[in-house]
Amino acid sequence: MPASIYSDNVRSRRTPPKLPEQPSLLSEKNLAFLNMLQESYPDYVFKPGRKFLFRPPKSIYYLESDENFRLLILHELAHALLGHYTFDRSLERLQIERDAWAKTRELCQLHSIPYDDNLAETELNTYRDWVHQKTLCKRCGLSCLEVSSESLYCPFCQKFYKKS
């Protein structure tokens, strides 16, 4: 019988030992803001993670050490409140992001958080670049038209391509 990955020689233990709690990297201001969000939006679970992310249906992950913590966590909350669970086409993804940033602006006003247009545009540019890269023709390098969630059409080459 192999040894437990949770203990050296104790085979009867069925639960892993508790790991020591890691201290939060959140400033007092951000921790207070997070606590207020948890009270204001009890349907959602806020968890530390490797990046800011809404994972349907109810989990919002945040990066503790980000200087834009409050704005970015509101952006992920915006995705949750808008019900952004899936998208079929690349351009839909861009629209979802634009809608979430518009909702973020509303949430910023509601919670007295300064909205940063430059940050929002920088973040949106990452999705614009992503859409552009996903729709380039593999043959000629020009932008294709997205005709369905699974295929692209290059008007220059006059060819249909399956999305990769």
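Quick look at the values:
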{"read-out": "Condition check for Ala78: modelled with pLDDT of 95 or more, touching a Ser or Thr at 6+ places or on another chain (Cβ under 7 Å) and buried (at least 17 other Cβ atoms within 10 Å of the Cβ)", "value": "yes"}
{"read-out": "Any pair with Cβ under 8 angstrom, 6 or more apart, that starts in the stretch 79-107 at a residue that is in contact (Cβ under 8 Å) with a residue 12 or more places away in the chain and ends at one that is polar (S, T, N, Q) and surrounded by 18 or more Cβ atoms within 10 Å (Cβ to Cβ)", "value": "Ser90/Thr135"}
{"read-out": "Odd one out for Arg70 among (1) basic (Lys, Arg); (2) within 20 Å of Arg128 (Cα to Cα); (3) touching a helix residue (DSSP H, G or I) at 6+ places or on another chain (Cβ under 7 Å)", "value": "(2)"}
{"read-out": "The lone exception for Glu106 - which of (1) within 13 Å of the chain's Cα centre (by Cα); (2) within 21 Å of Tyr44 (Cβ to Cβ) it fails", "value": "(1)"}
{"read-out": "Some residue of the stretch 151-164 being under 24 Å from the mean Cα position of the chain (by Cα) and surrounded by fewer than 12 Cβ atoms within 10 Å (Cβ to Cβ)", "value": "yes"}
{"read-out": "Condition met for Ser148 (polar (S, T, N, Q), surrounded by 14 or more Cβ atoms within 10 Å (Cβ to Cβ) and over 20 Å from the mean Cα position of the chain (by Cα))", "value": "no"}
{"read-out": "Answer residue from the stretch 34-51, given it is at pLDDT 95 or above and part of a loop (DSSP other than H, G, I, E, B) and is nearest to Cys108 (Cα to Cα) among those", "value": "Tyr41"}
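Rundown of residues vs (1) at pLDDT 95 or above; (2) exposed (fewer than 12 other Cβ atoms within 10 Å of the Cβ); (3) out of contact with any strand residue (DSSP E or B) (no Cβ under 9 Å at 6 or more places or on another chain), yes/no style:
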| residue | (1), (2), (3) |
| --- | --- |
| Leu82 | yes, no, yes |
| Asp88 | no, yes, yes |
| Ala100 | yes, no, no |
| Thr104 | yes, no, yes |
| Asp116 | yes, no, yes |
| Leu136 | no, no, no |
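The values are calculated or read from the model by the stated rules, or taken from the named source; none is laboratory data. Keep in mind that what you see is a predicted model, and the values were worked out from it rather than measured. All Cβ positions, glycine included, derive from the backbone under ideal geometry; neighbour counts span all protein chains shown.
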